[in-house]
Amino acid sequence: MIWYPYQQMKTMKEPYKIIDAEGVYLKTAKGEMIDSISSWWSVIHGYKHPVLTQAIKLQADTFCHVMLGGLTHEPVQRLADKLQSFLPGDLDYSFFSDSGSVAVEVALKMALQYYVNRGEMERTKVLSLTHAYHGDTFKTMEVGDDEDYHFILEAYGEKKDVLHVPTQIPDLEQAFEAHHRELNCFIVEPLLQGAGGMRMYDISFLVKARELCDRYGVLLIFDEVATGFGRTGNRFVADLVQPDILVLGKALTGGYIGHAVTVANRKVYRGFYSDDPDKALMHGPTFMGNALACSVALKSIEVFEQEDYMAKIRRIEQITRREMAGFTDPRVKEVRIMGGCVCVEVKDAAVLKGYQQFACERGVFSRPFLNCMYAMVPYIISEEELVRVLNTMKEWFS
């Protein structure tokens with residue numbers, strides 16, 4: 001029996017059974033639906049993309065996986081080289097893993113050990129945002145701040161090593177002034193907080209965060225698992241403000257296979273580079289650098305560049321702003337749009353009950369959560385298909 005995610009199994013509605021998928025469409029025995037959320041924000045090229053599918057097939061004919069413990073292979077070397085040239089500044093050092101949560105765990109472990117290696121044993125605390133979500137493994141839950149997902153941690157009592165701050169510069173300055181001697185890192189979902197409610201904030205906050213991290217010697221981590229590859233309207237938010245550690249996942253492989261990467265800058269990498277074996281990063285996911293994942297990730301980045309996906313994303317944002325302009329309803333608290341994301345936040349989550357079925361009947365797959373109705377569409381979507389998604393969202397309120 002399948003144990004499904006984020007579900008009370010006793011009362012859950014039967015899931016839609018997908019028998020095929022192509023382009024932006026999920027296909028069931030009863031018909032097809034536009035996937036308005038890109039399979040948890042990952043399938044940026046749509047389904048059954050011929051170039052990505054061929055990359056998987058070609059690599060499988062050679063080998064599917066070998067461990068990176070004492071071995072290496074061309075796909076992982078090429079992906080590391082590509083990321084080095086593709087990412088800004090000196091974000092040059094790629095540590096691969098098999099999921100976004102694990103990649104964030106690696107980033108947090110890197111930050112802690114960076115200071116342990118320097119003998120600064122007092123730097124045990126992490127600064128994070130209120131409403132943060134960084135994954136469902138234990139340390140990522142701890143740095144998160146969402147009781148709807150992570151209430152189980154209440155069994156451990158009050159958090160001792162994590163501080164949370166809202167996205168307001170005065171609060172950020174106060175937190176650094178009071179706690180900088182204890183902090184090893186500040187971790188953020190830059191500009192767009194996903195699972196915590198599709199909350200959006202200004203780049204000035206991150207500019208100040210970079211300044212404070214530099215002033216007080218604290219590492220800055222960007223969790224761009226959800227925001228990377230154009231979702232905010234920027235290629236990466238790291239192009240605007242460079243972190244010390246960058247975490248990528250989801251769209252890294254175009255949603256084809258689980259893979260993630262934690263990318264460190266030169267300063268962080270040099271903190272581990274030593275003749276002393278105790279200063280090595282002792283971490284090694286079994287499927288890190290998986291050859292299938294690396295091969296399809298390379299092709300995903302190639303398509304992203306060659307087909308000017310940033311122009312596609314600008315077009316999605318323009319259409320979304322046009323279609324949502326003037327939309328209001330007494331039950332709606334706010335409509336937020338950024339890049340390839342639109343969120344309709346309602347005042348009462350009960351307003352959204354039944355919306356998924358309503359959308360399905362109109363040929364759109366959606367999955368509202370908390371008090372958020374949202375769309376993060378595949379970037380290949382046509383104007384007609386996108387308008388259909390947005391009209392479905394508006395029609396629910398009429």
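To the nearest 500 deg cm²/dmol, what mean residue ellipticity at 222 nm is calculated for the chain from DSSP H runs of n ≥ 4 alone, each contributing -39,500 (n - 2.57), summed and divided by the residues?
So the calculated ellipticity at 222 nm is -10500 deg cm²/dmol.
Report, to two decimal places, the Cα Rg of the range 61-136 normalised by 2.2 N^0.38 Å (N = number of residues).
My calculation over the Cα atoms of the range 61-136 gives 1.40.
Which shape class, rounded, prolate or oblate, goes with the range 47-180 when its Cα gyration tensor gives a ≥ b ≥ c as root eigenvalues, a/c under 1.5 marks rounded, and past that a/b bigger than b/c marks prolate?
prolate
Rounded to the nearest Å, what's the spacing between the alpha carbon centres of the range 172-221 and the range 340-373? Just the number, please.
Spelled out, the Cα-based centre of one part sits 30 Å from the other.
So what does log10 I(q)/I(0) come out to for the range 1-120 at q = 0.09, 0.14, 0.18 Å⁻¹, using the Debye formula with one equal point on every Cα and no solvent?
With one equal scatterer per Cα and no solvent, log10 I(q)/I(0) is -0.46, -0.99, -1.25.
If exposed trypsin sites (Lys or Arg not before Pro) are those in a DSSP loop with at most 11 other Cβ within 10 Å, what is the longest stretch of the chain that has none? Walk me through the numbers before you get to the answer.
Numbers: sites that count: K10, K13, K17, K30, K160, K353.
With trypsin sites (Lys or Arg not before Pro) excluded where exposed in loops, the chain gives 161-352 as its longest stretch.
With bins 5 Å wide starting at 0, give me the P(r) of the range 8-56 over every alpha carbon pair, in whole percents.
For the range 8-56, the pair-distance distribution reads 5, 19, 22, 21, 17, 9, 4, 2, 1.
Under a cut-off of 17 Å between alpha-carbon atoms, report the lysines in cross-link reach of K139, not counting same-chain residues fewer than 8 places apart.
K139 reaches K109, K125, K159, K160.
On the Cα set of the chain, report Rg and Dmax in Å, please.
Cα only, the chain: 21.1, 67 Å (Rg, Dmax).
Let me know the volume per residue of the alpha-carbon convex hull for the range 120-263, in Å³.
Numbers: hull volume 16.4 nm³, N = 144.
Value for the range 120-263: 114 Å³ per residue.
State, to one decimal in nm², a quarter of the convex hull surface area for the C-alpha atoms of the range 254-398, i.e. the direction-averaged projected area.
Mean orientational projected area (the range 254-398, Cα hull): 12.9 nm².
Mind checking which of V335, V66, V218 is farthest towards the positive end of the chain's charge dipole, using Cβ charges of +1 (Lys, Arg) and -1 (Asp, Glu) about the Cα centre?
Projecting each Cα onto the dipole axis, the largest value belongs to V335.
Which of the helices in the chain meet the span-like rule: DSSP H, Cα axial reach of 24 Å or more, Kyte-Doolittle mean at least 0.5?
TM-like helix candidates: 100-117.
Every read-out reported here was derived from the displayed coordinates using simple, explicitly stated rules and does not represent laboratory data. Remember, it's a predicted structure, so these values are computed and weren't measured experimentally. With ideal geometry, Cβ positions are generated from the backbone for all residues, glycine too; neighbour counts draw on all protein chains shown.
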